[in-house]
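The values are calculated or read from the model by the stated rules, or taken from the named source; none is laboratory data. Here the structure is a predicted model, which means the values were calculated and not measured. So basically every Cβ, Gly included, is an ideal-geometry build from the backbone, and we count neighbours across all protein chains shown. Just the protein is used for accessible areas: all its heavy atoms, side chains included, with ligands, DNA and RNA removed. Shrake-Rupley method; radii C 1.70, N 1.55, O 1.52, S 1.80 Å.
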Amino acid sequence: MVTLDRLILGSNAFEGVSYTSRSQSLHYLEHFGNPDNVVAVLAAAHSLGVKTFALSNTENVMAALEKFDRSKELTLLPVIPNVYEYARDASEKGVLGSVLEKAKRINMYQKIRLGLRALGKIKSVLSKDVFDLLVELIDFELAAFRPYKIGAVLLHGQVTDLALSSHNKGLLDLFFNLMRDEHGLEPMLATHNFGTLVPQLMEWGIKVPVMAPLNKRGFMMKPNPEACLKLVEEAGYPVIAKKVLAGGRLTPEEGFGFVADKKIISAVVGIGSVPEAYHSLSVGKQALKFTSA
Amino acid sequence: MRFPLEKSKKIRVGVLGLGKMGILHTALVNMIPEARLSALYDIDKKLAQYVEDAGLNVPFYADLDKMFSEVELDAVFLCGPTYTNLPLARACAARGLDIFAEKPLAHSFGAAKEMAALSSGRKLVHATGYLLSHWCLCKTAKKILAEGVLGKVFRYRASIYISEVFSRKKGWFYSREKSGGGAVLHIASHLISLLYLYFGQARSVFGRTQSVFSEVEDSGTALLEYAGGLQGTLDVSWSIPGYRLAYINLTVEAENGSLELTNDDLRLYLQKPAKGYPKEWTHLYRADMPSVSGFDLGGEGFYEEDKDFIDSCLDRRKPVVSWSEGLEVQRIIEAIYRSAASGQAVALKEVV
């Protein structure tokens, strides 16, 4: 099993996600719409020794990786597929149509970089079933991360939770096999339903690292904070804590202080500015006793 | 006459229409302990493969009559294109099934009236998929307003925006005949359902709409007046950049202060303390709200609305948002459309 750093940089802020206010979200969108500003945070994190980065395949973040002169020193944890992008267009074009639309938006330079394999597969999606489509999506998105060091791959929480609610072990097995056998990568699962997912994984005999919300306020800890905390302590699953700052409602001192003594392997945190990077990541390093190489 | 079912009994559910919303409700029904997913229907036969791949382990039908003849159901979720809600509801109501209809209730006011009429004289449980009523912050705002914390309310401003349409569009969703409307019907309807829950039905509406990218409207503005003197404005657009998800903002002005509600927070200002809320500012964030949902898929509110419907089926009670509310929402929307077409204010009592 891959060993992850105790502290991981997340990409929510780079994608305009905020749980505190509309103005904050808009600020993130505008500010990080310029890849140079993403690079500045990546550089600050790197200088503090935080070199593992969990991210989705979004245009500004991928552009920042290209610009950042030390991006090859980072360990990436891609979260795939980028469900929100497909879901947005799904009413109009259907899920398949939205995938093709995304493929069309890639410019020629990127197409060459991605390689013909991914593009060839995209053309075939219309004739495929659900499992094959998932394979195409994963292959297609993973191709964008190929120039970099990939530590492990996280299945997007919406897909994990869809598989969970469909009691569909086959879909997870497909992801695991695809990652391990075809790509030589370690699979992990993201979820918003930790307290329901882990017992199901135990029943299915699956043990992989799980990324899930864990914070002092119980924010997004489903079905309830008590059940999640009990499982973190007792189930023995490698847990990557996210939403550690409860969507911005906890200070780094409170947030990291809470998760520090929990049985987690890592914590991931999104960063909204360079000063925030220095403060939050320093606090996180200290609380989690993370000494970077 | 149907009586409340024993709690041990599970509601046998069919999901009709397997697009984005159908897949979502299918997954959610699977996670409700009191429900049992029993059949799936879509006119697209190829989706049988999806059902198999998804491991749903329930029969799939592309023939509705065949489904009804082979599977015993208690309730259905209508998740197809909006224009299919009425014909599917007719078929299901005739068989005495309880019905959850994805929002809006129907593609036109006339069709919505027919839907509502289907429920009269029958004891069926009916719900509409307006999920804002199930958000914790929205429920808290409802309680504040209902308890009179703010005193007499005299004005509100409401908006809902999403970044969705920025170029010429085609397909059923952008056809007035099939979808029935654009941003007002499909986006603002969520907010209108909330306004109806908070303030009741308006007396008159003056509305304007604009169509830029297709034959349905991309934006709309309305002034609503109420019998008690309350006035409100509503603004919607699906063509504004920077809104990854639909975002609401409601500001209420009242005798004893103001309330501002968004997706993220609720800000209350009181001149005098009331019902346990202190004088001046109270600021509640979404992250501060208790976790009430047992499962999260698609965002806050979806599991809650499905669970509310299933519980209502078991208890034979009215869900939080029934077709009655769904019809009133469409009455306001119809008034906005009529006003936009005529350039005149429209009295709601004339929209019948």
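Scalar couplings 3J(HN,Hα) for the range A:227-242, obtained by applying the Karplus form with A = 6.51, B = -1.76, C = 1.60 to θ = phi - 60°, are 4, 5, 5, 4, 5, 4, 7, 10, 7, x, 8, x, 10, 9, 7, 10 Hz; x denotes Gly and Pro. The overall shape of the range B:253-352 is oblate: from the C-alpha gyration tensor, with semi-axes ordered a ≥ b ≥ c, the ratio a/c is 1.5 or greater and a/b is no larger than b/c. Using a ≥ b ≥ c from the Cα gyration tensor of the range B:169-324 (square roots of the eigenvalues), is it rounded, prolate or oblate, where a/c under 1.5 gives rounded and otherwise the larger of a/b and b/c decides, a/b for prolate? In terms of gyration-tensor shape, oblate. Is the shape of the range B:31-89 rounded, prolate or oblate, going by the alpha carbon gyration tensor and its root eigenvalues a ≥ b ≥ c, with a/c under 1.5 for rounded and a/b larger than b/c for prolate? Rounded is the answer for the range B:31-89, as its axis ratio a/c remains below 1.5. When both bridge partners sit in the range B:145-259, DSSP labels roughly 80% of those beta bridges antiparallel.
Build a GNM of chain B with springs between Cα atoms under 10 Å apart, and of B:293, B:159, B:120 the one that fluctuates most is B:120. If the elastic network links every pair of Cα atoms under 10 Å, which of B:294, B:110, B:181 fluctuates the most in the Gaussian network model of chain B? Evaluated over chain B, the most mobile residue of the options is B:294.
Within the protein assembly as shown, the proportion of Cα pairs with more than 48 Å between them is 13 percent.
Put simply, the amide H of residue B:254, placed in the peptide plane, has neighbours under 5 Å in B:154, leaving out anything fewer than 5 places away on its chain. Taking one quarter of the surface of the C-alpha convex hull of the range A:180-293 gives a mean projected area of 8.2 nm². Direction-averaged projected area, Cα convex hull, chain B: 18.3 nm², rounded to one decimal. Across peptide A:156-163, the average count of Cβ atoms from other chains found within 10 Å of a residue's Cβ is 3.
Most tightly packed first, judged by the mean number of other beta-carbon atoms within 10 Å of their residues, the peptides A:35-46, A:202-213, B:188-199 read B:188-199, A:35-46, A:202-213. The base-10 log of I(q)/I(0) for the range B:60-154, evaluated at q = 0.11, 0.18, 0.21, 0.24 Å⁻¹, reads -0.44, -0.86, -1.01, -1.17 [Debye formula, identical scatterers on Cα atoms, solvent excluded]. Take every pair of alpha-carbon atoms less than 8 Å apart whose residues are at least six positions apart; their mean separation over the length of the range B:136-247 yields a relative contact order of 37 percent.
Pairs over the 25 Å Cα-Cα cut-off, from the set B:169/B:307; A:242/B:279; B:123/B:152; B:178/B:307; A:243/B:279; A:222/B:307: B:169/B:307; A:242/B:279; B:123/B:152; B:178/B:307; A:243/B:279. For the options B:98, B:264, B:218, a Gaussian network treatment of chain B with springs between C-alpha atoms closer than 10 Å singles out B:264 as fluctuating the most.
For residue A:192, the solvent-accessible surface with a 1.4 Å probe is about 30 Å², rounded to the nearest 10.
For the range B:152-169, backbone phi angles converted through the Karplus equation (6.51, -1.76, 1.60; θ = phi - 60°) give residue-by-residue couplings of 5, 8, 10, 7, 9, 10, 10, 9, 9, 10, 8, 9, 9, 10, 9, 8, 4, 10 Hz, Gly and Pro being listed as x. Model label sites at residue A:34 and residue A:207, defined 7 Å from Cα along the beta-carbon direction, differ in position by 4.9 nm.
Subtracting the Cα-Cα distance of residue B:317 and residue B:280 from their residue separation scaled by 0.36 nm leaves 9.4 nm.
Counting Cβ atoms of other protein chains within 10 Å of each Cβ in A:131-137 and taking the mean gives 1.
Nothing charged except the Cβ atoms of Lys and Arg (+1) and of Asp and Glu (-1): what's the magnitude of the dipole of the range B:206-352 about its Cα centre? Round to the nearest 20 debye. Dipole of the range B:206-352, to the nearest 20 debye: 380 debye. Report note on the peptides B:171-178, A:221-228: ranked by the mean count of other C-beta atoms within 10 Å, highest first, their order is A:221-228, B:171-178.
For residue B:35, the residues whose amide H sits under 5 Å from its own are B:11, ignoring neighbours fewer than 5 places away on the same chain, with H placed 1.01 Å from N.
Between the listed residues B:290, A:269, A:1, the Cα displaced farthest toward the positive end of the dipole of the protein assembly as shown, a dipole computed from Cβ unit charges relative to the Cα centre, is found at B:290. Look at the dipole of the range B:175-224 built from charges on Cβ: of B:200, B:189, B:179, the Cα furthest out on the positive end belongs to B:200.
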